[in-house]
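Accompanying notes for the structure given below.
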Amino acid sequence: MKLKTILIILLFTFHNVANGQSAHEASNIGKVGITISSLSNNDVTYFKDVVGSAGYNGKNFFSIGLNYIHPLKNWLEVETAVEYSEFTMEVNPPFYPGINNESYNTEVALLDIPVTLRANFLEYFYANSGVLLDIDVSNSNAIDDQSGIGGTFGVGAKYDLGFGASIFINPYFKMHSIIPFSQEGSMHQRLTESAIRFGFTYQL
């Protein structure tokens, strides 16, 4: 699945949703927006110590998404999204005499559907936490299939621009495939993601 195709689909969907409401029909049914995540630190982890396994270092990361925020109370909102992410991970094989131990890159592509609660405080800030549905859309790579149920939490700051639009910044942490669909157990690899999400939303 090409990143350019994903970007076109997300922008087209956002355009149709945002323009489906006229300026005279604004309501409090929620906000829609676009998010971009970058400045990431990625790793692969296990739920127990593993001897003789490869090492992994995050090299490149990019994520883009379409999100929807619905108010529950004055201080509480629920947020869901569809996000596409690409990871480039450097794999450092364990040392074995007579075997090629050179590092190499592997690619991971995920489609995520997070559902989180956002608790607002001090007017401009919020904390968010929830679960995410991971769908691994990668080609063959050196990391276990990440399809499963993951988790996320973070903090953020937001600012209303005064004409129905808002911007926000949201440092967060995700662990993918905490409950994997393809394999159960502590030996399954979990991809972790620490990044900063930037977003633009528009009041419906």
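The values are calculated or read from the model by the stated rules, or taken from the named source; none is laboratory data. Since this is a predicted model, take the numbers as computed values, not measurements. Cβ: placed from backbone, ideal geometry, glycine included. Neighbour counts: every protein chain shown.
Among the residues of region 144-166 satisfying the criterion of being acidic (D, E) and either more than 26 Å from S53 (Cα to Cα) or in contact with a Leu (Cβ under 9 Å, 6 or more places away or on another chain) (or both), which is surrounded by the most Cβ atoms within 10 Å (Cβ to Cβ)? Can you show your working first?
If we filter region 144-166 for residues that are acidic (D, E), which is where we start, we get 144-145, 160.
Those still in the list that are either more than 26 Å from S53 (Cα to Cα) or in contact with a Leu (Cβ under 9 Å, 6 or more places away or on another chain) (or both) too: 144, 160.
Working: D144: 19, D160: 14.
Applying the filter and picking the extreme gives D144.
Would you mind finding the one in I135, I113, I167, I69 that is over 17 Å from the mean Cα position of the chain (by Cα) and β-branched (V, I, T)? So that I can check it myself, show each step before the final result.
Values: I135 fails: over 17 Å from the mean Cα position of the chain (by Cα); I113 fails: over 17 Å from the mean Cα position of the chain (by Cα); I69 fails: over 17 Å from the mean Cα position of the chain (by Cα).
Matching residue, one of I135, I113, I167, I69: I167.
Return the only residue of F181, F173 being within 11 Å of the chain's Cα centre (by Cα) and of a type in the set (F, W, Y).
Numbers: F181 fails: within 11 Å of the chain's Cα centre (by Cα).
Within the list F181, F173, the selection yields F173.
Any residue at all in region 51-68 that's in contact with a Ser or Thr (Cβ under 8 Å, 6 or more places away or on another chain), among the basic types (K, R), in contact (Cβ under 8 Å) with a residue 60 or more places away in the chain and surrounded by fewer than 16 Cβ atoms within 10 Å (Cβ to Cβ)? Working first, answer last.
At the first step, the residues of region 51-68 found to be in contact with a Ser or Thr (Cβ under 8 Å, 6 or more places away or on another chain) are 58-68.
Then keep just the ones that are among the basic types (K, R); that gives 59.
The next check asks that each one be in contact (Cβ under 8 Å) with a residue 60 or more places away in the chain; those that pass are none.
No, that holds for no residue.
Taking the criterion of being under 19 Å from S194 (Cβ atoms) and not small (G, A, S), would at least one residue in region 134-145 satisfy it? Walk me through how you get there before you give the answer.
Here is the first cut: in region 134-145, the ones under 19 Å from S194 (Cβ atoms) are 134, 143.
Imposing the further condition that a residue be not small (G, A, S) reduces the set to 134, 143.
Taking every residue of region 134-145 in turn, at least one turns out to be under 19 Å from S194 (Cβ atoms) and not small (G, A, S).
Which one is modelled with the highest pLDDT among residues in region 9-55 that are of a type in the set (F, W, Y) and under 21 Å from L111 (Cα atoms)?
As a first pass, look at region 9-55 and keep what is of a type in the set (F, W, Y): 12, 14, 46-47.
Still in the running and under 21 Å from L111 (Cα atoms): 12, 14.
Working: F12: 56, F14: 49.
Filtering region 9-55 for residues that are of a type in the set (F, W, Y) and under 21 Å from L111 (Cα atoms), the one modelled with the highest pLDDT comes out as F12.
Condition first: small (G, A, S), touching a residue at least 40 places away in the same chain (Cβ under 8 Å) and closer than 29 Å to Q203 by Cβ. Can you find one or more residues in region 157-165 that meet it?
Yes: region 157-165 contains one or more residues that are small (G, A, S), touching a residue at least 40 places away in the same chain (Cβ under 8 Å) and closer than 29 Å to Q203 by Cβ.
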